[in-house]
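The values are calculated or read from the model by the stated rules, or taken from the named source; none is laboratory data. This structure is a prediction, so every number in the text was calculated from the model and none was measured. Counting neighbours? That spans all protein chains shown, and the Cβs are built from the backbone with ideal geometry, glycine included.
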């Protein structure tokens, strides 16, 4: 039997954590639009400024590339890569 | 607040370079200036410069606010005078890396004269120009970069003046590094900023950025995200393109890339050479002689 290679095994691992500071968000949607694996979406809740901050729709999909952090004009979101970590619970952290 | 992953909470990488007590900043939702600040912070990280010797100088305007938000020695100067201010600082203390971070109106309209002469003399300044095609902070007046046909508060029937082609202006005035990117090209902007910080001479980077409140809204072009999508769809990367041919038209294609990267003796080197030749032993040398050689 052939061994499972690359992508199938990798897909099971959580590769990145997204940190979202909800109250800084101004709802421009850059992070949601330009996220390469498209794991973010607008949440239904409002933040203190009256905008809908993003939330993680697909917990296992984040690769930790930090492109959201590069795009966010309000410094409200960023992602970090996790190295050598097996799948955990949803990789999502709300920064204060 | 719930922490669902046992990982050390790392701070946002930009926060090491930003005065967080001043956040939220004044920039509108969908404005690209904050994005360029992200790129700037990553470039500072990558260039490994001593942050004690990095100075940011801004003029007036939306982009001029950058000086107030970066956690560096930063100076918010009078309108259009960021380059003269930076020139003085660089000449008195040549070991500083002086970065001029300002908008298109401040740098090329009110400060246009300073801009071309700093380029002509090849002062060792890194000029980052965030171009949103309009005067944002003062209420959307026509700027020297407004494309023909665009509607502003002062051109309700459409602008009819030919706009500046900033990379062409910078090149013909004598800049040694000229590049243009948009707020969409975050990795490329970061790379260009890093290159500029390592290079000696007058460096110019134009970053096109959305202005959702004035430019986009008055021209019915949607919000900031629509502008970013336009940059994504219409940008053509052409490194080394002839700057004469890369003028921007209203919602037309945008040529981006690194156009000029040459070496030319900087102002202090030329001054030292000339004065040493004419005064010989009488010449005491400029301040920071070791640096300016």
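Matching residues to (1) at pLDDT 95 or above; (2) assigned by TED's automatic domain parsing to the domain that holds residue B:105; (3) over 17 Å from residue B:37 (Cα atoms); (4) over 15 Å from the mean Cα position of the chain (by Cα):
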{"position": "B:126", "(1), (2), (3), (4)": "yes, yes, no, no"}
{"position": "B:136", "(1), (2), (3), (4)": "no, yes, yes, yes"}
{"position": "B:157", "(1), (2), (3), (4)": "yes, yes, yes, yes"}
{"position": "B:170", "(1), (2), (3), (4)": "yes, yes, yes, no"}
{"position": "B:173", "(1), (2), (3), (4)": "yes, yes, yes, yes"}
{"position": "B:181", "(1), (2), (3), (4)": "yes, yes, no, no"}
{"position": "B:191", "(1), (2), (3), (4)": "yes, yes, no, no"}
{"position": "B:202", "(1), (2), (3), (4)": "yes, yes, yes, no"}
{"position": "B:206", "(1), (2), (3), (4)": "yes, yes, no, no"}
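For region B:44-71, which residues satisfy the criterion of being more than 24 Å from residue B:211 (Cβ to Cβ), in contact with a helix residue (DSSP H, G or I) (Cβ under 9 Å, 6 or more places away or on another chain) and surrounded by fewer than 19 Cβ atoms within 10 Å (Cβ to Cβ)?
Across region B:44-71, the qualifying residues are B:45, B:46, B:47, B:49, B:51, B:71.
Does residue B:267 qualify as being farther than 19 Å from residue B:150 by Cα and in contact with a strand residue (DSSP E or B) (Cβ under 7 Å, 6 or more places away or on another chain)?
no
Tell me yes or no: at least one residue of region A:61-72 is surrounded by fewer than 24 Cβ atoms within 10 Å (Cβ to Cβ) and more than 11 Å from every other protein chain (Cβ to nearest Cβ).
Checking region A:61-72: at least one residue is surrounded by fewer than 24 Cβ atoms within 10 Å (Cβ to Cβ) and more than 11 Å from every other protein chain (Cβ to nearest Cβ).
Name the residue, out of B:262, B:246, B:254, that is loosely packed, with under 14 Cβ neighbours inside 10 Å and within 20 Å of the chain's Cα centre (by Cα).
Result: B:262 is the single residue among B:262, B:246, B:254 that is loosely packed, with under 14 Cβ neighbours inside 10 Å and within 20 Å of the chain's Cα centre (by Cα).
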